[in-house]
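The values are calculated or read from the model by the stated rules, or taken from the named source; none is laboratory data. Owing to the predicted nature of the structure, the values given are computational and were not obtained by experimental measurement. Heads up, the Cβs are rebuilt from the backbone with ideal geometry, glycines too, and the neighbour counts pull from every protein chain shown. Ligands, DNA and RNA are excluded from the accessible area calculation, which covers all protein heavy atoms including side chains. Shrake-Rupley method; radii C 1.70, N 1.55, O 1.52, S 1.80 Å.
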Amino acid sequence: MSHIVILGTGLAGYTLAREIRKRNRDVTLTLITHDDGVFYSKPMLSTAQATGKTAQTLRNTEVAAMREELAAEILTHTQVIAIDRDGKRLQLADGQSRPYDKLVLAVGAQPIRVPLQGDAAESVLSVNNLEDYARFEARLAGVKRVALLGAGLIGCEFANDLIKSGRQVDVFDLAPQPLGRLLPEAAAHHLREALAAAGVRFHLGESISAVERAPAGLALTTTQCDTLEADLVLSAVGLRSDTTLAAQAGLAVNRGIVVNEYLQTDDESIYALGDCAEVCGAVLPYVMPIMNGARVLAANLLGEPQALKYPPMPVLVKTSLCPVVVCPPPAAGGWQEEVSDTGVLSRHHNAAGQLDGFALVGAATAQRAALLKEMQG
Amino acid sequence: MKKWQCIVCGFIYDEAVGIPEDGIRAGTRWQDIPADWACPDCGVAKADFEMVELAA
């Protein structure tokens, strides 16, 4: 029986391990992580303030219980510095090495950082995992004014969470609308108006160029040369797949680690899943692609090959003040938007006139199940 | 009536409310939801759900 090694214990790594164990209790399974291996729900990080969760209570399952549940060896606080593909071994930072028969890279993504001037530029935080969230939570205590860089999915969710927890929230984005990459115009406008009505101040077409220490908090300079004071700056301008280890090992990388519909890299013993993977040309850093990918990859690793074919996968934006569900269409443009006082229902059709994507904002989110059914024919 | 939370994505199923748009009527108990049902938010199958029972 082969030895499967998974790098990473985020949602991708742990979900894959669970799927493997559903099919097979005997295969030798090792997971390796640079953190403490706690299992937590990443989507809950950006709704924690309003739902009364803390970095402590978000700790769902500690590593000892995960080892037992998965009947797996889990190495924590362990850095893998290189992959020896010929010898099929992983080189660790402490000088040791570890063998594998099949290796899965589930190493996630890193927050993109925009270059900032000023003596407090280093104080700008990003939240991409539970450790980051704990740092953010510690800094947030007693803070009234938060500036957010980025009005994408994570930026909008944090804006929603922070305004609901009674803070002053300023959101900057160079794009002309929030959720610029996901929503058509009228849908985005409705979301913006709903968050603005709750107090969120949007600065669109504008970003921050400098962050400096001020007598009471931080002084921000915008790209329009305006100034603004805040106590804390959170950057949420996007993610970049972590391809470092794969690239060093000579695997094909593009925006992510390049894998085919079997989630296999150009080395037949190495696979990739989750935010680090570019599956058939697409990097999809959301929950549903991980769930679908993990099921297929578990079968592939256990010698029952299955090609991944994604069903329609709606992306949820947890802006409770104005919920959003988007099923991104394969091509941009050409939306039909129905606007009402309570929300926007946007449909996208292909050349044959079939529904191939939708965006729902506000009360229109109740139509999700019906539209999914229509898409699935 | 109880509430259950998906540990993967945070989705909350409230038995009192159900999910009418998904065909699950208000008052449907967790144990009565069909086995082929999946979390509407993250796609986890009911069989894979590790629900955290929330105080009602």
Chain B: Rg to Rh, with Rh as the Kirkwood radius over Cα pairs
0.91
I need the trypsin sites (Lys or Arg not before Pro) found in region A:225-334, filtered to DSSP loop residues with at most 11 other beta carbons within 10 Å of theirs.
A:K309
Taking Lys and Arg as +1 and Asp and Glu as -1, residues besides A:A369 with C-beta under 13 Å from its C-beta add up to -2
Kindly flag which residue pairs out of A:K144/A:K318; A:K102/B:K2; A:K164/A:K309 have an alpha-carbon separation exceeding 32 Å in this structure.
A:K102/B:K2; A:K164/A:K309
All alpha-carbon distances of region A:236-377, grouped into 10 Å bins from 0, give the whole-percent distribution 11, 33, 31, 19, 6, 0
Does any residue of region A:321-369 lose at least 40 Å² of accessible area with all protein chains in place compared with its chain alone, and if so which ones (probe 1.4 Å)?
A:R368, A:A369
Cα convex hull of region A:201-280: mean projected area in nm², to one decimal?
8.0
Within the accessible area of chain B (1.4 Å probe), percent carbon and sulfur
52
Accessible-area composition of chain A, carbon plus sulfur, in percent [1.4 Å probe]
49
Taking only C-alpha positions in region A:1-83, Rg and Dmax in angstrom work out to 13.9, 47
Please compute, for the alpha-carbon atoms of the protein assembly as shown, the extent along each of the three principal axes and give them in descending order in Å.
60, 55, 49
Area buried, chain A against chain B - accessible surface, total, 1.4 angstrom probe, square angstrom
1400
Hey, got a sec? Which GluC sites (Glu not before Pro) in region A:134-219 land in a DSSP loop and have at most 13 other Cβ atoms within 10 Å?
none
First obtain the Kirkwood hydrodynamic radius of region A:116-256 from its Cα pairs, then insert it into the Stokes-Einstein equation at 4 °C and 1.567 mPa s, and state the resulting D in µm² per second as a whole number.
81
Region A:323-377 -> Rg/Rh from Cα coords, Kirkwood Rh, value 0.95
Keeping all protein chains in place, calculate the accessible area per residue for region A:136-217 (probe 1.4 angstrom), answer in Å².
40
